[in-house]
Amino acid sequence: MRKSLPAKGRSRDAILAEMRDMKGGDADWQGGRVPLFVFKANDEVSEVGKEAFFEFFTENALGGRRAFPSVKRMEDEVIAMALSLFNAPDDAQGFMTTGGTESIIQAVQTCRDWTRKQRKIPTFRGNIVAAESVHPAFNKGAGLMDLEVRRAPVRADLAADPAAIEALIDDDTMMIVGSAPSFPYGVIDPIRELGALAERRGLWLHVDACVGGYLAPFVKMLGRNIPDFDFSVPGVSSLSADLHKFGFTPKPASTVFYRTPEKAAHHGFDFDQWPNGRFLTSTIVGTRPAGGVAAAWATFEFLGVEGYKKIARDLMTFVDAYKAGIGDVDGLEILGSPHLSIIAYGSSAFDIFRVAEIMQAKGWLPGLVQKPKGIHRMMSMLHAPALDAYLADVRAAVGVVRQEGESRSAIKATY
Ligand SMILES: Cc1ncc(COP(=O)(O)O)c(C=O)c1O
């Protein structure tokens, strides 16, 4: 596509009108019809985040150290609050980043550089062993650094299988990974067992709590069954958790933490061989929005433990109703035993992808998992008001698929 800049500028009103018009063609996320990409706790939390973001709209978090002590203070306090939430030791350290992918890539780079130092091999390029359910960000990071990722099959309950992971470990393995929870199945991996494995084999265990890190602690406080997944587990070296998902803060905002200062020392970039002197950053990106930092701080301060617990209660009550509704449809079953609000459901009686196709035609953007085949939903309170309409359409779609008999779907799983 090629388009010239307009020769003369247009009015703000005309531009806004056109943007609003363009949005008309987007999937209806506000109506709860998009099962990924967007998150919401409630209107008040969204407004606090938005206000804080725009309060620091122009500032640059890259300049936090030199120009904007306000931004630096908020960033430090977000990290400090998160470290206590994740039961980290007193000397653990953490950093804000712009997303789960960046947090993961940096944890991989930190592990690689720490391993190089430990093994005294400056050019060491090792491998990462993980369940097949871990996020593609590990492959993205490994690709950038010329490392290998080995994916092990999951157990029948769709959690990581420590024995299968151990079988792929060799002398070049530097990191193993557990998810809390995994994106495909919403299941928290057996982090205690993986921690024991990491300690026994002298490996770095990274816990990818990107999607669940800021929800699971509060769901656990409600007395629900949430396996230990954070620094309370011996053997966990690093942990990533995204604020812009179930921390309910505006994008872009994520966090990554290291158990020890020795490990954290390898995080970040410090360079002065250029004309402008020392260039020190704790992110892969340089410039990054201070708004993301400010909004995370404001959301933490606004909600506190009590506020997050209330959101967790509301969300899990909705998820219970959702699971019950799906379970009531003859032929549908929830895959595995998801711990939080990511759920996949499938069928051994008919082609579930065909159900997704019919739902898509009714305006529900499909989330799909291909192994085993299922419909995938990552749910926040955005989805609660649409529950009855969703279940009614699922029931109708299943009825159609049953009547079609041997129908074959053409839809493919795409993130
Ligand atoms: C388990 C897990 N890890 C990492 C990520 C990557 O996060 P981001 O999209 O913020 O880069 C996701 C995204 O959904 C995820 O679910």
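The values are calculated or read from the model by the stated rules, or taken from the named source; none is laboratory data. No experiment lies behind these values; they were computed from the predicted model shown. No Cβ is skipped: glycine too gets one built from the backbone with ideal geometry, and neighbour counts run over all protein chains shown. Just the protein is used for accessible areas: all its heavy atoms, side chains included, with ligands, DNA and RNA removed. Shrake-Rupley method; radii C 1.70, N 1.55, O 1.52, S 1.80 Å.
Would you mind finding the one in ARG125, ARG150 that is in a loop (DSSP other than H, G, I, E, B), farther than 22 Å from PRO261 by Cα and in contact with a Leu (Cβ under 6 Å, 6 or more places away or on another chain)? Checking each option against the conditions leaves just ARG125.
Select, from ALA167, ALA92, ALA152, ALA156, the only residue that is hydrophobic (A, V, I, L, M, F, W, C), within 30 Å of PHE53 (Cα to Cα) and either at pLDDT 95 or above or open to solvent by 60 Å² or more (accessible area, probe 1.4 Å) (or both). Outline the logic, then answer.
Numbers: ALA167 fails: within 30 Å of PHE53 (Cα to Cα); ALA152 fails: within 30 Å of PHE53 (Cα to Cα); ALA156 fails: within 30 Å of PHE53 (Cα to Cα).
Going through ALA167, ALA92, ALA152, ALA156 in turn, just one is hydrophobic (A, V, I, L, M, F, W, C), within 30 Å of PHE53 (Cα to Cα) and either at pLDDT 95 or above or open to solvent by 60 Å² or more (accessible area, probe 1.4 Å) (or both): ALA92.
Determine if region 274-281 includes at least one residue that is modelled with pLDDT of 95 or more, on the phi < 0 side of the Ramachandran plot and either open to solvent by less than 20 Å² (accessible area, probe 1.4 Å) or in contact with a helix residue (DSSP H, G or I) (Cβ under 8 Å, 6 or more places away or on another chain) (or both). Yes, region 274-281 contains a residue that is modelled with pLDDT of 95 or more, on the phi < 0 side of the Ramachandran plot and either open to solvent by less than 20 Å² (accessible area, probe 1.4 Å) or in contact with a helix residue (DSSP H, G or I) (Cβ under 8 Å, 6 or more places away or on another chain) (or both).
Within region 231-244, not a single residue is more than 23 Å from ALA159 (Cα to Cα), open to solvent by 40 Å² or more (accessible area, probe 1.4 Å) and away from the ligand (no atom under 16 Å from the Cβ). All conditions but one from (1) within 16 Å of the ligand (Cβ to nearest atom); (2) open to solvent by 10 Å² or more (accessible area, probe 1.4 Å) apply to TRP114; the one that does not is (1).
Residues that are within 16 Å of the ligand (Cβ to nearest atom), among the aromatic types (Phe, Trp, Tyr) and under 24 Å from ALA253 (Cβ atoms): does region 185-202 have at least one? There is no residue in region 185-202 that is within 16 Å of the ligand (Cβ to nearest atom), among the aromatic types (Phe, Trp, Tyr) and under 24 Å from ALA253 (Cβ atoms). Is it the case that some residue within region 118-139 is within 16 Å of the ligand (Cβ to nearest atom), touching an Asp or Glu at 6+ places or on another chain (Cβ under 8 Å), open to solvent by 40 Å² or more (accessible area, probe 1.4 Å) and basic (Lys, Arg)? Scanning region 118-139, I find no residue that is within 16 Å of the ligand (Cβ to nearest atom), touching an Asp or Glu at 6+ places or on another chain (Cβ under 8 Å), open to solvent by 40 Å² or more (accessible area, probe 1.4 Å) and basic (Lys, Arg), so the answer is no.
Take GLU51 and tell me if it is open to solvent by 50 Å² or more (accessible area, probe 1.4 Å), at pLDDT 95 or above, over 22 Å from the mean Cα position of the chain (by Cα) and closer than 28 Å to LYS309 by Cβ. Criteria met by GLU51.
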